[in-house]
Amino acid sequence: MNGKRILLIIGGGIAAYKSCELVRVLRRRGASVRCVVTASGQKFVTPMTLAALSEDKVYTDLFDLKDEAEMGHIQLSRQADLVVVAPATADLMAKMAAGIADDLATTLLLATDKPVLVAPAMNVRMWDHPATRRNVATLRADGLTVLNPDEGPMACGEFGPGRLPDPEAIADAIAAQLDPAAKPLAGKHALVTAGPTHEPIDPVRVIANRSSGLQGFAIAEALAKAGARVTLVAGPVSLPTPAGVHRVDVETAAQMAAAVDAALPADIAVMVAAVADWRVDAAPAKLKKEAGPPQLNWQKNPDILATLCASAQRPGLVIGFAAETENAADQGAAKRVRKGCDWIVANDVSQDPMGGAQNRVHLIHADGTENWDRMDKTQVAQMLVQRISDALCGN
Ligand code: C5P
């Protein structure tokens, strides 16, 4: 970010305190930051704090005539390389979507000819409200980058999406916006499942699929490197968490289904996990060998991929995996239609024991099948993420 100039507009909301840290992070990365605080923003952070952190004058008032003479609001809005709104309140986004310019912040936003990145923060109900959904869609259609808020406990005591992302994550999105080639998936949320599931028979025995988790973890890592915010729902595997990836560990298919649901909304889903198709009613105590082979009461597990594809919150791009021992391409094509996903990556597992470092796959989409050479799983991940970037960003 060396030498880049950022105009940071700070809206009113408890998350405004994080904008102080954002100023520090951006400056540490080499950018200069000029701050504008709305009237309600000043209830949470003072211009003096921001002036000290940015080592620059802080702008608050459209009708500060002395400043209009020194620096008109048009000039202020155009001297930056990027305009960032963090936190953006529901009210501020509504005004931006409507083109209202009734204070310095909204006037700058209407007058600017520079790219604008918006980091919303608000109560979960306000974020979910149809009016806010409409305004966010309008801003995105107008070409602004609107980050999705983080999910978690909120200052108001509720839980859900609405938290301002961490300053480092906002800074990553800003860096990506300033250099789009480096991070094509910045601002996107990618959901990945990986590994097997374990379905308990009793406290010591499980039913499992053979899966190392290597391919899914490699895909999560490649998505994060491409700038996506990644949630990795991992079954029981012993692999380190890739850098920058948010990992949720689960054991069973039911837990994986719940974790996938809780991670929505997402822009991209890559469902790599080898989910057990069945579970049994687990015995509360260890079954004794002497009692002979147990009678197991089998039940079907939820199909996480098919459920996601049919859900109201279906991500824009859903990719499933299919491990096949024969006719991988044909079986994968049928699976793509059956599950309702956009692409299927069909693995040919006939020659390769699972857990190896390499993979031979076919990428199946609506227009046909691509047969990729055998290659390292990390390379499969990189090629797949390149295709995802092409599909979502048209690069
Ligand atoms: O039906 P099959 O298991 O062959 O489909 C594989 C694909 O479906 C993978 O993407 C896998 O993650 C997903 N799947 C799932 N839930 C299941 C079974 C498979 O999401 N219960």
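Odds and ends about this structure:
- With respect to (1) within 15 Å of the ligand (Cβ to nearest atom); (2) closer than 18 Å to Asp267 by Cβ, the lone exception for Cys393 is condition (1).
- All positions within region 317-348 that are under 18 Å from Thr193 (Cβ atoms), out of contact with any helix residue (DSSP H, G or I) (no Cβ under 7 Å at 6 or more places or on another chain) and part of a loop (DSSP other than H, G, I, E, B): Asp342
- Checked against (1) within 12 Å of the ligand (Cβ to nearest atom); (2) buried (at least 21 other Cβ atoms within 10 Å of the Cβ); (3) in contact (Cβ under 8 Å) with a residue 40 or more places away in the chain, Ile388 passes all but a single condition, namely (1).
- Residue pairs whose Cβ atoms lie under 7 Å apart, sitting 6 or more positions apart in sequence or on different chains, and linking a residue in region 246-271 that is not assigned by TED's automatic domain parsing to the domain that holds Asn148 and β-branched (Val, Ile, Thr) to a partner that is in a helix (DSSP H, G or I) and within 14 Å of the ligand (Cβ to nearest atom), are Val248/Ala259; Val250/Met256; Val250/Ala259; Val260/Ile304; Val260/Leu308; Val270/Ile219.
- Qualifying residue in region 172-186 (condition: within 25 Å of Trp343 (Cα to Cα) and within 12 Å of the ligand (Cβ to nearest atom)): no
- Within the option set Arg314, Arg338, being basic (Lys, Arg) and under 19 Å from Thr231 (Cα atoms) holds for one residue only, Arg314.
- Every residue from region 300-334 that is away from the ligand (no atom under 12 Å from the Cβ) and not hydrophobic (A, V, I, L, M, F, W, C): Ser311, Gln313, Arg314, Pro315, Gly316, Glu326, Asn327, Asp330
- Flag if Val233 is in a strand (DSSP E or B) and within 16 Å of the ligand (Cβ to nearest atom): yes
- Any hit, region 262-277, residues being surrounded by 15 or more Cβ atoms within 10 Å (Cβ to Cβ), closer than 17 Å to Pro196 by Cβ, away from the ligand (no atom under 14 Å from the Cβ) and among the small types (Gly, Ala, Ser): no
- Scanning region 2-11 for residues that are at pLDDT 95 or above and touching a Gly at 6+ places or on another chain (Cβ under 6 Å) yields a count of 2.
- Test: Trp298 is in contact (Cβ under 8 Å) with a residue 12 or more places away in the chain and within 25 Å of Pro265 (Cβ to Cβ): no
- Of all residues in region 288-304, those that are surrounded by 11 or more Cβ atoms within 10 Å (Cβ to Cβ) and assigned to a loop (DSSP other than H, G, I, E, B) total 5.
The values are calculated or read from the model by the stated rules, or taken from the named source; none is laboratory data. Just so we're clear, the structure is a prediction, and the values are computed from it rather than from any experiment. Note that we place each Cβ from the backbone using ideal geometry, even for glycine, and neighbour counts take in every protein chain shown.
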